[in-house]
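Colleague: Next up is a structure, given as structure tokens.
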Amino acid sequence: MKQTYVKDLWNRPVNADVHLLGWLKARRNQGGIVFLDVCDSTGSIQVVVNRSVVESSLMELANEIPLESSVEVHGRLVQHQQKAREIVAQKLGVVGLATQQFSPQPRGDINIFDPSLANHLLTNRHIYLRNPKVMAILKFRSILMTQMRRWFEDNGFIEFDAPILTPVPLYEDRTAIPVVIHGEHVFLTQCVGYYLEAAVHAFERVYNMGPSFRNEESRSRRHLLEYWHIKAELAFSDLNDIINIVESIIKFLTQECWRLSEDMLSTIGTTMCLHGLETPFKRISYEEAVVHLQTQGVAIEFGKSFGSDEEEMLSHLFTGPFWITGIPRVVEPFPYVIDKADTRITRVADLIASNGYGELLGVAEKIHDIGMLDERLVEKGRRDDTRYEWIRQVHETGCVPHTAFGMGLERLVRWLLNIPHVRDAIPFPRVFRRRIMP
């Protein structure tokens, strides 16, 4: 088993004998010396192969090993006056030969956000995962998920594993991805909300982090066919409660990810968005937003959903994230509470990111009254759909006021890192109109 990583070499004594396993990232030849950049998951170090120190066969090997081959290095750790450390090789071996070559070099200093490279990098994502910028984004994602779980656990939430296969989509059947299991027609989950709704009546505070799937085609920079959802539900709460919780989460994640990600941000070549620290976020009602858009010449009427262009226009009203409250009932799914003060709208709010990054998440008061649930089921044409009977049973068995939020993980990563597309925030992106490969 590998014992020494590149990061460990900065703490080893100078002139120590070292044994390193890694991959050949780059090579330079200067007369009788070959310089090899050998990297692993923690960094890169220069290995010096000097003709005056090693046998000619080892020099030939150092000159011939294909880039991306995995290698084994034995040597002496040295340090120059400028404090750069390197390994003077004594032995060199090939662990796994790279018989295929890719251009640009997978671990090279390339612009992974260059649109002209997008098709090549996506087609060969299994290779370009090795790129330091891609690795840094995915490390940031991992840190964010770790800190998200930390917040939930520190605040009394239970992680609840919900199924991916479900008989009931949140929206229309056409918006979900259908699958057939042993002759039964079901769907890949769009949202685990129905299952968290059942669980919240046992545990009171529950969350789930897992994949969701959408069948509605979109070519925007913030939509994927498959993405990861952060969902949570809270018993005995209202809309203001869940808004306050989300603001606490966004502030905490911004603070902790910024603290833990300096090296990753440098590698990516980005600066982190810190607007999440500026809580509480501003609020604007849906109706106020419609009026503003109309004054800007947008042809939109009450009851229509906002698209990316409308959200970007509204974002110019604020310097940070902001809430759009009171989303019309005609555009929201049936589980959400109708506002008693204005029955045209629901007790729902969407959080819009700063800098034109669009919707980050939604929060809602969920229906607990069986009469209102039936009203909404009729409204959505589902009252006679027996697939939803188990959801009615939850509401007939001591249901309490409860709230929920749902956030796309890749959208959050994209906004915090100021990167152009959600496809760069997930290991293997599933993009519309693109073959699912690899």
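Colleague: Here is a list: E204, E172, E159. Which entry is among the acidic types (D, E) and modelled with pLDDT under 95?
Modeller: Values: E204 fails: modelled with pLDDT under 95; E159 fails: modelled with pLDDT under 95.
Result of the check over E204, E172, E159: E172.
Colleague: Here's something else I'd like to know. Please pick out the residue among P321, P328 that is crowded, with 20+ Cβ neighbours inside 10 Å, over 17 Å from A404 (Cβ atoms) and modelled with pLDDT of 95 or more.
Modeller: Every option except P321 fails the conditions.
Colleague: A follow-up question, please. Based on this model, can you work out whether I352 counts as assigned to a loop (DSSP other than H, G, I, E, B) and of a type in the set (A, V, I, L, M)?
Modeller: Here the answer is no, as I352 does not meet what is asked.
Colleague: Please indicate, with yes or no, whether at least one residue in the range 297-310 is in contact (Cβ under 8 Å) with a residue 60 or more places away in the chain, assigned to a loop (DSSP other than H, G, I, E, B) and surrounded by fewer than 20 Cβ atoms within 10 Å (Cβ to Cβ).
Modeller: no
Colleague: Scan the range 337-354 and tell me whether some residue there is surrounded by 14 or more Cβ atoms within 10 Å (Cβ to Cβ) and in contact with a Cys (Cβ under 9 Å, 6 or more places away or on another chain).
Modeller: First, the residues of the range 337-354 that are surrounded by 14 or more Cβ atoms within 10 Å (Cβ to Cβ): 337-339, 344-354.
Still in the running and in contact with a Cys (Cβ under 9 Å, 6 or more places away or on another chain): 353-354.
Yes - at least one qualifying residue is present in the range 337-354.
Colleague: Is it the case that some residue within the range 281-288 is among the charged types (D, E, K, R), farther than 24 Å from Q147 by Cβ, free of Cβ contacts under 8 Å to residues at least 12 places away in the same chain and surrounded by 14 or more Cβ atoms within 10 Å (Cβ to Cβ)?
Modeller: Filtering the range 281-288 down to residues among the charged types (D, E, K, R) leaves 282-283, 287-288.
After this cut, where a residue has to be farther than 24 Å from Q147 by Cβ as well, the list is 282-283, 287-288.
Next cut, free of Cβ contacts under 8 Å to residues at least 12 places away in the same chain only: 288.
Next, from what is left, pick out any that are surrounded by 14 or more Cβ atoms within 10 Å (Cβ to Cβ): 288.
Checked the range 281-288: at least one residue is among the charged types (D, E, K, R), farther than 24 Å from Q147 by Cβ, free of Cβ contacts under 8 Å to residues at least 12 places away in the same chain and surrounded by 14 or more Cβ atoms within 10 Å (Cβ to Cβ).
Colleague: Taking interchain pairs and intrachain pairs at least six residues apart, which have beta carbon atoms under 6 angstrom, with the first residue in the range 388-416 and basic (K, R) and the second modelled with pLDDT under 95 and surrounded by 19 or more Cβ atoms within 10 Å (Cβ to Cβ)?
Modeller: If the second residue must be modelled with pLDDT under 95 and surrounded by 19 or more Cβ atoms within 10 Å (Cβ to Cβ), the pairs left are R411/R222.
Colleague: Just name the residue that is nearest to I367 (Cα to Cα) out of those in the range 244-280 that are open to solvent by less than 30 Å² (accessible area, probe 1.4 Å) and either aromatic (F, W, Y) or in contact with a Pro (Cβ under 8 Å, 6 or more places away or on another chain) (or both).
Modeller: E247
Colleague: Would the range 288-310 turn up any residue that is more than 29 Å from the chain's Cα centre (by Cα), closer than 30 Å to V394 by Cβ and not aromatic (F, W, Y)?
Modeller: The answer is yes; a qualifying residue exists.
Colleague: Another one. Could you run through the range 4-31 and say how many residues are open to solvent by 90 Å² or more (accessible area, probe 1.4 Å), modelled with pLDDT of 95 or more and within 15 Å of G43 (Cα to Cα)?
Modeller: 2
Colleague: Please tell me if G183 is open to solvent by less than 50 Å² (accessible area, probe 1.4 Å), more than 24 Å from K139 (Cα to Cα) and either of a type in the set (G, A, S) or in contact with a Gly (Cβ under 6 Å, 6 or more places away or on another chain) (or both).
Modeller: no
Colleague: Here's a follow-up. Please go through the range 213-222 and give me each residue that is closer than 19 Å to A425 by Cα and without any contact (Cβ under 8 Å) to a residue 60 or more places away in the chain, ordered by number.
Modeller: Across the range 213-222, the qualifying residues are F213, R214.
Colleague: Considering every residue within the range 364-372, establish whether at least one is touching a helix residue (DSSP H, G or I) at 6+ places or on another chain (Cβ under 7 Å), free of Cβ contacts under 8 Å to residues at least 24 places away in the same chain and of a type in the set (D, E).
Modeller: no
Colleague: What do you reckon, is K83 within 30 Å of S52 (Cα to Cα), open to solvent by 90 Å² or more (accessible area, probe 1.4 Å) and in contact (Cβ under 8 Å) with a residue 24 or more places away in the chain?
Modeller: So K83 fails the test.
The values are calculated or read from the model by the stated rules, or taken from the named source; none is laboratory data. No experiment lies behind these values; they were computed from the predicted model shown. FYI the Cβ positions are ideal-geometry reconstructions off the backbone, even for glycines, and counts take in every protein chain you see. Surface areas here come from the heavy atoms of the whole protein model, side chains and all, with no ligands, DNA or RNA. Shrake-Rupley method; radii C 1.70, N 1.55, O 1.52, S 1.80 Å.
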